[in-house]
Amino acid sequence: MNVDTTPLPPSALHDHHTAMQSRFGWQVPTHLNMAHACCVRWATHADHAQTVAVIADGSSVEAASHTYFELWQDACRLSNVLGGLGVQRGDRVAIVLPQRFETAVAYMGVMQAGAVGMPLSMLFGPEALAYRLQDSGANVAICDQAGLKPLLQVRAECPGLRHILVVGGELTDATQVDGPDGTGPMLLSWPEALAGASNTYTCVDTLADEPAVLIYTSGTTGNPKGGLIPHRALVGNLSGFVCSQNLFGFAPGPKGELPFASALESVTNSLGALPIGSQAVFWSPADWAWTGGLMDARLPTLYFGRPIVAYNGRFSPEAAFALLQRHGVTHSFLFPTALKAMMKAYPEPRKQFSFELQGLMSAGEAVGDAVFAYCREQLGVVVNEMFGQTEVNYIVGNFCLGQVWGDDASLGTAGTHPSTRGLGWPAKPGSMGKGYPGHRVSVIDDDGHECPNGVPGEGAVHALSPNGQPDPIFMLGYWRKPEATLAKFTGPRESSWFRTGDMAVRDADGYLWYHGRADDVFKSAGYRIGPSEIENCLVTHPAVLNAAVVPKPDAERGALVKAYVVLSAEYIAANTCHVSAEGVFDAETMAPLAAELQAHVKTLLAPYEYPKEIEFVEQLPMTTTGKVQRRILRLQEEARFAVVLE
């Protein structure tokens with residue numbers, strides 16, 4: 001018998017992906033409540049109750065630390081307040097808050113009561129808020145003073161919204177409004193309400209399959225869809241979080257186990273002992289109203305009983321490095337756009353700041369070679385790129401422990417410590433990575449069959465893990481849209497592939513490479529942009545007959561939001577619109593209208609959604625059935641960008 005004695009390349013010697021998948025097993029208890037896992041069990045343990053949970057910092061306030069016991073006590077008070085307001089198990093509670101201690105309390109209090117937290121971005125305008133409040137049927141909202149004004153603007157359109165708890169600032173008679181149908185005052189002061197509530201509350205013993213969070217995600221057609229996330233999804237996030245954060249300060253188990261109940265041979269159907277031993281401190285500028293900030297940062301950090309920095313201020317490179325230094329941040333999630341800004345502002349940051357990162361994850365778009373090298377050489381850590389979605393989060397990424405494919409060098413102790421041998425796989429710059437332990441991820445064709453290596457297809461994750469267990473990462477479904485949910489699967493949802501809508505290709509080493517969206521959703525500066533919502537908003541302006549939104553390639557942000565706009569006949573008749581023989585509108589003449597349309601979208605939706613560029617055209621490319629062919633416009637923008645680069 002011939003034995004191949006050809007030595008493996010150095011990179012392959014560090015690739016332990018297959019071994020990690022083979023020994024990994026999901027342990028999801030029948031009953032699970034995110035608030036219990038992330039707060040109650042720590043706060044009620046004598047050795048950990050006084051551990052810091054949230055470090056509240058801001059551009060205009062001094063930092064303050066809050067323990068797990070404080071978090072739990074306020075969460076109990078809030079759960080009692082919500083009960084008094086009629087909130088029942090399964091009800092949706094809107095949370096419109098920035099990064100601050102009260103935001104953590106809000107989620108813990110809502111989920112502890114068995115209700116469903118619905119994060120809404122502080123950037124949303126009235127139209128975006130109104131749709132989500134109406135569709136979800138939320139009956140209570142929690143906001144600060146900045147979020148109160150837009151909520152009051154839409155209250156008449158949202159009769160189901162009975163009460164608004166307001167964090168910070170004083171409520172006066174002048175600001176008070178009555179709730180619907182004689183339900184009493186609509187506005188309630190958070191500090192007053194909590195001060196009068198009991199700090200004793202028994203966490204609702206929810207099933208792991210019960211809903212915990214409702215997050216609206218943009219799509220290409222129609223209105224945004226609400227992804228209903230169950231409590232078990234937190235467990236589904238853990239393998240990706242721990243791997244992308246280089247074990248998050250933990251040492252692996254004696255057989256290479258990850259620091260949570262995940263060994264295939266010892267399934268206990270419980271959360272097991274408290275995961276202790278890490279000294280990690282986490283911070284990310286990711287908005288806590290999005291999946292990235294909620295599921296990739298705050299909840300997993302609290303699950304492991306560690307402090308997270310809540311920074312209530314605008315992101316800037318200086319503020320980012322100052323936070324890393326001031327709070328001894330060891331682990332972070334930074335978007336490529338944030339890393340690019342930090343690189344430009346501080347090409348050699350250690351000359352001004354002192355920090356020691358042990359783990360760094362990035363997502364939203366590829367970081368690029370320059371940023372990858374900057375992280376390694378200047379931040380002292382090899383960045384782990386990651387891919388996930390609201391529907392199926394944290395499924396693909398890298399777990400490099402300082403190792404880079406094709407390079408046997410490593411940085412720091414993370415890549416060389418004996419306790420980490422047998423774990424991880426080297427990073428390939430620009431690659432999405434591989435499926436994290438417990439997730440079976442591949443590339444499939446139109447018929448739902450796996451594509452050979454090198455053949456592009458659609459990225460997909462299977463309902464069953466590589467070891468045949470149900471994967472807990474999956475959402476329950478789109479809120480009130482069962483047909484849309486089933487359409488994402490290639491067959492029965494309990495035993496088939498879930499289509500991500502993202503095109504990818506798998507190389508010979510098993511790494512996935514992103515090839516763009518299968519539909520028309522795209523990323524801009526880390527935000528997921530659904531063109532339909534923006535187009536619908538533009539068409540509400542009297543000057544607009546039709547509109548199409550596509551990504552315009554941009555070296556800094558990956559893509560900019562660009563709108564092609566067809567003017568209404570009434571507007572053209574009433575205004576001077578200079579058009580060349582080729583049908584091109586004069587940009588200078590149209591500049592005031594372009595600015596007006598940008599402000600229109602920015603006001604009604606969100607600042608990150610407004611089109612940074614508007615091109616006025618006589619007509620849009622259409623199919624024979626009357627659908628806009630965004631693909632043609634997208635290819636046109638890509639061709640223009642290629643010419644600029646030449």
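The values are calculated or read from the model by the stated rules, or taken from the named source; none is laboratory data. Note that the coordinates shown come from a computational prediction; the quantities given were computed from them, not determined experimentally. A quick note on method: Cβ atoms are made from the backbone with ideal geometry, for glycine too, and the neighbour counts reach across all protein chains shown. When the accessible area is computed, the model is the full protein with side chains, heavy atoms only, and any ligands, DNA or RNA have been set aside. Shrake-Rupley method; radii C 1.70, N 1.55, O 1.52, S 1.80 Å.
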Might you check whether a residue that is modelled with pLDDT of 85 or more, more than 19 Å from Glu637 (Cβ to Cβ), β-branched (Val, Ile, Thr) and surrounded by 14 or more Cβ atoms within 10 Å (Cβ to Cβ) occurs anywhere in region 543-555?
yes
Matching option when the condition is within 30 Å of Val382 (Cα to Cα) and either open to solvent by 10 Å² or more (accessible area, probe 1.4 Å) or hydroxyl-bearing (Ser, Thr, Tyr) (or both), among Asn246, Asn223
Asn246
Looking at region 196-215, which of the residues that are outside any loop (DSSP other than H, G, I, E, B) and either open to solvent by less than 10 Å² (accessible area, probe 1.4 Å) or free of Cβ contacts under 8 Å to residues at least 40 places away in the same chain (or both) is farthest from Cys537 (Cα to Cα)?
Ala212
Can you spot a residue in region 111-124 that is in a helix (DSSP H, G or I), touching a strand residue (DSSP E or B) at 6+ places or on another chain (Cβ under 9 Å) and open to solvent by less than 20 Å² (accessible area, probe 1.4 Å)?
yes
Return the residue satisfying two criteria in turn: it lies in region 496-508 and is in a loop (DSSP other than H, G, I, E, B) and open to solvent by less than 60 Å² (accessible area, probe 1.4 Å), and of such residues it is nearest to Val455 (Cα to Cα).
Asp507
Pick out, from region 537-646, the helices (runs of 4 or more DSSP H) lying fully within it that include 2 or more residues that are under 25 Å from the mean Cα position of the chain (by Cα).
587-604
If I filter region 5-12 for residues that are open to solvent by 10 Å² or more (accessible area, probe 1.4 Å), over 18 Å from Val309 (Cα atoms) and either among the aliphatic types (A, V, I, L, M) or modelled with pLDDT of 90 or more (or both), do I get at least one hit?
yes
So which of Ala484, Ala460 ends up being in a strand (DSSP E or B) and within 18 Å of Thr390 (Cα to Cα)?
Ala460
Mind checking which residues of region 460-473 are open to solvent by less than 20 Å² (accessible area, probe 1.4 Å) and farther than 20 Å from Arg517 by Cα?
Ala463, Ser465, Asp471, Pro472, Ile473
With respect to Pro185, is the statement that it is at pLDDT below 95, open to solvent by 30 Å² or more (accessible area, probe 1.4 Å) and out of contact with any helix residue (DSSP H, G or I) (no Cβ under 6 Å at 6 or more places or on another chain) true?
yes
Hey, His449 hits all of (1) in contact (Cβ under 8 Å) with a residue 24 or more places away in the chain; (2) open to solvent by 60 Å² or more (accessible area, probe 1.4 Å); (3) over 27 Å from Val213 (Cα atoms) but one; which does it fall short on?
(1)
Mind listing just one residue for me: the one in region 293-315 that is touching a Lys or Arg at 6+ places or on another chain (Cβ under 6 Å) and not small (Gly, Ala, Ser) and, of those, farthest from Asp47 (Cα to Cα)?
Asn312
Region 509-528: number of residues that are assigned to a strand (DSSP E or B) and surrounded by 15 or more Cβ atoms within 10 Å (Cβ to Cβ)
10
Residue among Ala373, Ala345 that alone is touching a helix residue (DSSP H, G or I) at 6+ places or on another chain (Cβ under 6 Å) and at pLDDT below 95
Ala345
Based on what the data block shows, is Gln279 at pLDDT 95 or above, open to solvent by 40 Å² or more (accessible area, probe 1.4 Å), under 25 Å from Thr67 (Cα atoms) and assigned to a loop (DSSP other than H, G, I, E, B)?
yes
Check region 321-333 and report whether any residue there is polar (S, T, N, Q) and over 30 Å from Gly226 (Cα atoms).
yes
Among Asp74, Asp91, which is charged (D, E, K, R), farther than 19 Å from Phe282 by Cβ and free of Cβ contacts under 8 Å to residues at least 60 places away in the same chain?
Asp91
Those residues of region 428-463 which are modelled with pLDDT of 95 or more and under 22 Å from Leu247 (Cα atoms) amount to Gly433, Lys434, Gly435, Tyr436, Pro437, Gly438, His439, Arg440, Val441
Looking only at residues in region 225-251 that are part of a loop (DSSP other than H, G, I, E, B) and in contact with a helix residue (DSSP H, G or I) (Cβ under 6 Å, 6 or more places away or on another chain), which one is nearest to Phe474 (Cα to Cα)?
His231
